[in-house]
1. Run down Glu204, Glu227 and say which single residue is closer than 23 Å to Asn6 by Cα and open to solvent by 20 Å² or more (accessible area, probe 1.4 Å).
2. For the range 67-88, which positions are more than 15 Å from the chain's Cα centre (by Cα), within 23 Å of Thr247 (Cβ to Cβ) and of a type outside the set (S, T, N, Q)?
3. State yes or no: is Ile209 β-branched (Val, Ile, Thr) and more than 21 Å from the chain's Cα centre (by Cα)?
4. When you go through Ile237, Ile209 one by one, which is the residue that is in a helix (DSSP H, G or I), open to solvent by less than 20 Å² (accessible area, probe 1.4 Å) and out of contact with any Pro (no Cβ under 7 Å at 6 or more places or on another chain)?
5. Kindly evaluate Thr68 against the criterion of being of a type in the set (Val, Ile, Thr) and closer than 24 Å to Ala47 by Cβ.
6. Scanning the range 140-151 for residues that are part of a helix (DSSP H, G or I) and not hydrophobic (A, V, I, L, M, F, W, C), which turns out farthest from the chain's Cα centre (by Cα)?
7. Which of the residues spanning the range 152-187 are assigned to a helix (DSSP H, G or I) and either in contact with a Phe, Trp or Tyr (Cβ under 9 Å, 6 or more places away or on another chain) or acidic (Asp, Glu) (or both)?
8. Can you pull out the residues in the range 240-266 that are in contact (Cβ under 8 Å) with a residue 24 or more places away in the chain and either part of a loop (DSSP other than H, G, I, E, B) or touching a His at 6+ places or on another chain (Cβ under 7 Å) (or both)?
Amino acid sequence: MRIGVNVPNFGPGANPDNLARWAKTSEGLGFDLLMLSDHVAITPDVARQYPAPFYEPVTTLAWLAGITTRIELGTTILVAPYRHPLLVARMAANLQQLSGGRLILGVGVGWAREEFEALGVPFERRGALTDEYLETMRAAWDDDADYRCGQIPIWIGGNSDTAIRRAVRLGSPWHPLRFTMPWFRESLNRLKEFADEIGRPVPELAPRICLRLTERPVDDPDRRAGEGTVEQILEDIEELRRAGAETVLLDPYQGDPDETLRPEAAWQALATVAAHRP
């Protein structure tokens, strides 16, 4: 099983030096994957959760590819309707080539209505646009010599039934985000039901979970996967592995932008998990 790190590429602590330290720390600890989030226009609805500066993920990943050697690189998640699909196809193809084949493109439909408005993209059509754009990107990678780079792995991000169905239909790994284990178990049943409905195999799983390390066990029934003692976190990861997850992404961001000024606490939590990793 691969274990990755979701790096905060936003907030007051986001700068080239800290992003480089995140990448080198993640790779140095032996993690397999480094991923960044995506926003383009930091409208008020975005800024409430992810304040500026917000480093554009594809540009930043291209830079991080040059200062790392082994760790895979990806997006969690690139909002597909925000960019023309041929632009994304070219950026992704170039990054795949420049990084030596280390790219994973996690995509989703997005949620920030004000950001959609700022970009002139119809919010109500975001699902249909995502489906259309994914088809266009895959066709470009397959059929156009100017874009050809082999098929770049695509993860389908999102926790809705629509996202689950999209992953099943496309045969792409499903990438659910920050959830409780009871929710995940129920959703896994729906995933299997949807696959049976259309006669498709159950897709791979690539969940993103929290990373909040505590000294004492968290007994709250609403405890999210990845919260608690290192034993609880490892138990969550093991259950996800048994369920079919080939990759688990750890997200150490707890919601306070000032955390980005003090990344050492997150790095210590990552080091603890790495030290106990089977």
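1. After applying the criteria, what remains is Glu204.
2. Our first condition is that a residue be more than 15 Å from the chain's Cα centre (by Cα); within the range 67-88, this holds for 67-70, 81-88.
Next cut, within 23 Å of Thr247 (Cβ to Cβ) only: 67-70, 88.
Matches in the range 67-88: Ile67, Arg70, Val88.
3. Numbers: β-branched (Val, Ile, Thr): yes; more than 21 Å from the chain's Cα centre (by Cα): no.
So Ile209 does not fit the description; no.
4. Details: Ile209 fails: in a helix (DSSP H, G or I).
None of the others qualify; the one that does is Ile237.
5. For Thr68, the condition - of a type in the set (Val, Ile, Thr) and closer than 24 Å to Ala47 by Cβ - is not met.
6. Pass one, the range 140-151, residues part of a helix (DSSP H, G or I): 140-143.
Within this subset, residues satisfying the condition of being not hydrophobic (A, V, I, L, M, F, W, C) are 142-143.
On the way: Asp142: 24, Asp143: 27 Å.
Only one residue fits best here, namely Asp143.
7. Initially, the range 152-187 is screened for residues assigned to a helix (DSSP H, G or I), giving 161-170, 181-187.
The answer is Asp161, Ala163, Ile164, Arg165, Arg166, Ala167, Val168, Arg169, Glu186, Ser187.
8. Step one: filter the range 240-266 for residues in contact (Cβ under 8 Å) with a residue 24 or more places away in the chain, giving 240-241, 243-255, 257-263, 266.
Listed by number, the residues that qualify are Gly244, Glu246, Pro252, Tyr253, Gln254, Gly255, Arg262, Pro263.
The values are calculated or read from the model by the stated rules, or taken from the named source; none is laboratory data. If you're wondering where the values come from, they're calculated on a predicted model, not measured in any experiment. Note that we place each Cβ from the backbone using ideal geometry, even for glycine, and neighbour counts take in every protein chain shown. Surface areas here come from the heavy atoms of the whole protein model, side chains and all, with no ligands, DNA or RNA. Shrake-Rupley method; radii C 1.70, N 1.55, O 1.52, S 1.80 Å.
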